[in-house]
Amino acid sequence: MTSETPGAQTQKLPTISFEFFPPKTEDMERNLWEVISRLAPLTPNFVSVTYGAGGSTRERTHSTIARILSETELTPAAHLTCVDATCADVDDVVARYYEVGVRHIVALRGDPSNGIGTAYQAHPQGYQTSADLVAAIKRNHSDMEVSVSAYPEKHPESADLDADIDVLKAKVDAGATRAITQFFFDNDLYFRYLDRVQAAGITIPIVPGILPVQNFKLASNFAKRAGATLPEWLAKKFEGLDDDADTRRLVAATVAAEQVQNLSARGVENFHFYTMNRADLVFAISHLLGIRPNGAQKAA
Ligand code: FAD
C-alpha cells in the first residue's frame, strides 16, 4: 500500500537502505557514483558496501565507505567477514572504520575460502563464528550499530531452520540490532520465517533483502549459490526474453514492484535493496513505496 492509496495518506512511509559492491575499475567507480547520486536524494536510512570473498576488497570497501562519508550526507554501513583473518586483523579493520566515522557494521562469518559448498574453516586465531565477531565489535566500540544476516530459506550449510534461527539468536544476544535477509521471491516464505523467529523470542527487525531481477540468468546463479528458491512462476515471466533487454526491464520492474508493495501492504516497514550498483529499478520501486527525493513526500 502506498501513500497514494485512498485512505492511506497517514500511513508511515517505509525506510529503505541500499547495498552496493565496491567497484573494481575506474569505469565501475564512475558508474557507482552516478548510481549513488541518483539514489541519495531518496534519503535512505543507510547505504551498505559489501566485503569481497575472503576480504579481497578490504581496501576498496574502505575507500568506497570513506568517500561516501566525505562526499555525501549518507550514512554508510561497512560489511565485514571473518574469513582468513585473525581477530587482530579484523579488529584493526573495525578500528579504521571507527576512526573515519563509521558507526554501522554488517557483521558476517563469510563464505568458505575454498568456495561455496566446501567446509568452512575458521582461522585458528580468528573469530570462530559471526556471533563472536558481533560480540567483539560491541566490546571494542559499544556505540557501533551491528547488523547481521538472516536466511528465510535457511543457510545452505544449516541442518535445518531451527539450527539457523539458533545462530541468529546468538548474534542478537551478542549485540546485533538488525538482521537483513538473503533475497527471496515468495513473500509467504518470509512471513513464515518471521513467525518462527518471533516464536524464538527474537525481536529485532528482520529487514527483507530485495533483489530486483535485472538479469534473470545472473539471479538464477545467485539463487543457486545462496540456496534461495527461484519460483517457477518467476522463471515463466522471463521466458524468451534473453535477447530482449527492454521487455526484461519492464518485467523486472513489475515483479519487484509487486513484491515490495505486497510486503508493504502486509505491514513491512523496512526494505533493504541489493542494488547491484544500478539505480533505475530501485529508484522506481522506492517511488512506488511513496518515497520521493529529499523527503518531498512529507510535504505532499
Ligand atoms: P552465519 O550467520 O554465521 O551463519 C549462517 C548459517 O550457516 C547459520 O544460520 C548456521 O546455521 C550455518 N552455519 C554457520 N556455520 C556453520 C557450520 N560451521 N556448520 C554448519 N552450519 C553452519 N558475504 C561476503 O563475503 N561479503 C559480504 O559483504 C556479504 N554480505 C552479506 C549480506 C547479507 C545481508 C547476507 C544475507 C549475506 C551476505 N554475505 C556476504 C554472504 C555470507 O557471507 C554467506 O552467506 C556466508 O556463508 C555466511 O555468513 P553469515 O554471517 O551469514 O553466517
Gaussian network model of the chain, springs between alpha carbon atoms under 10 Å - residue of Val106, Val146, Val93 with greatest fluctuation:
Val93
Distances longer than 11 Å among the Cα atoms of the range 68-111: what percent of all pairs is that?
67
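Would you please give the FRET efficiency between Ala95 and Asn215, computed as 1/(1 + (r/R0)^6) with r the Cβ-Cβ distance and R0 = 22 Å, to the nearest 0.05? Display every interim value, and only then the final one.
Numbers: r = 38 Å, r/R0 = 1.71.
Efficiency, from the Cβ-Cβ distance: 0.05.
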Of all lysine pairs in the chain that are eight or more residues apart or on different chains, those with Cα atoms under 23 Å apart total 12
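Calculated FRET efficiency, Ala159 and Arg266, Cβ-Cβ r, R0 41 Å, to nearest 0.05?
Working: r = 29 Å, r/R0 = 0.72.
After rounding, the FRET efficiency stands at 0.90.
Please rank Leu13, Leu211, fewest neighbouring Cβ atoms within 10 Å first, as an exposure proxy.
Values: Leu13 17, Leu211 23.
Listing Leu13, Leu211 from fewest to most nearby Cβ atoms yields Leu13, Leu211.
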³J(HN,Hα) computed for each position of the range 199-209 - Karplus, 6.51 cos²θ - 1.76 cosθ + 1.60, integer Hz, glycine/proline x:
5, 7, x, 8, 10, 5, x, 10, 7, x, x
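Excluding Pro152 itself, calculate the net charge of residues whose Cβ lies under 13 Å from the Cβ of Pro152, where each Lys or Arg counts +1 and each Asp or Glu counts -1.
Details: positive: Lys154, Arg192, Arg196; negative: Glu153, Asp164, Asp186, Asp188, Asp195.
The answer is -2.
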The Kirkwood hydrodynamic radius of the range 90-161, taken as the inverse of the mean 1/r over all distinct Cα pairs, in Å, comes to 13.6
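In the P(r) worked out for the range 237-300, what percent of Cα pairs fall beyond 16 Å? Before the final figure, lay out each step's value.
Details: 1084 of 2016 pairs.
Here the long-distance tail beyond 16 Å is 54 percent of all Cα pairs in the range 237-300.
Given the Cα-Cα distance of Thr25 and Asp246 and 0.36 nm per residue of separation, how much length would full extension add, in nm? Let's see the in-between values first.
Values: separation 221, 0.36 × 221 = 79.56 nm, distance 2.64 nm.
Value of the extension gain: 76.9 nm.
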In angstroms, what radius of gyration and Dmax does the range 14-295 have, counting Cα atoms only?
18.2, 53
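Based solely on its DSSP helices, what 222 nm [θ] is calculated for the chain when runs of n ≥ 4 H residues each add -39,500 (n - 2.57) and the sum is averaged over all residues, nearest 500 deg cm²/dmol? Walk me through the numbers on the way to the answer.
Working: 10 runs with 126 residues, N = 300.
That comes out to -13000 deg cm²/dmol.
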Output the relative contact order of the chain, whole-number percent, from Cα pairs under 8 angstrom with separation of 6+ residues.
23
Using the Cα atoms of the range 179-247 to build a convex hull, what is its mean projected area in square nanometres?
5.2
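Give me the number: length gained by fully extending Leu189 to Gln121, i.e. 0.36 nm times residue separation minus the C-alpha to C-alpha distance, one decimal in nm. Show your work: numbers first, answer last.
Details: separation 68, 0.36 × 68 = 24.48 nm, distance 3.00 nm.
Full-extension gain reported as 21.5 nm.
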What is the sum of charges around Ala40, taking Lys and Arg as +1, Asp and Glu as -1, for the other residues whose C-beta is under 12 Å from the C-beta of Ala40?
-2
Over the Cα atoms of the range 146-195, how large are the radius of gyration and the largest Cα-Cα distance (Dmax), in Å?
10.6, 30
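Every number here is computed from the coordinates shown, using simple stated rules; none is lab data. Owing to the predicted nature of the structure, the values given are computational and were not obtained by experimental measurement. FYI the Cβ positions are ideal-geometry reconstructions off the backbone, even for glycines, and counts take in every protein chain you see.
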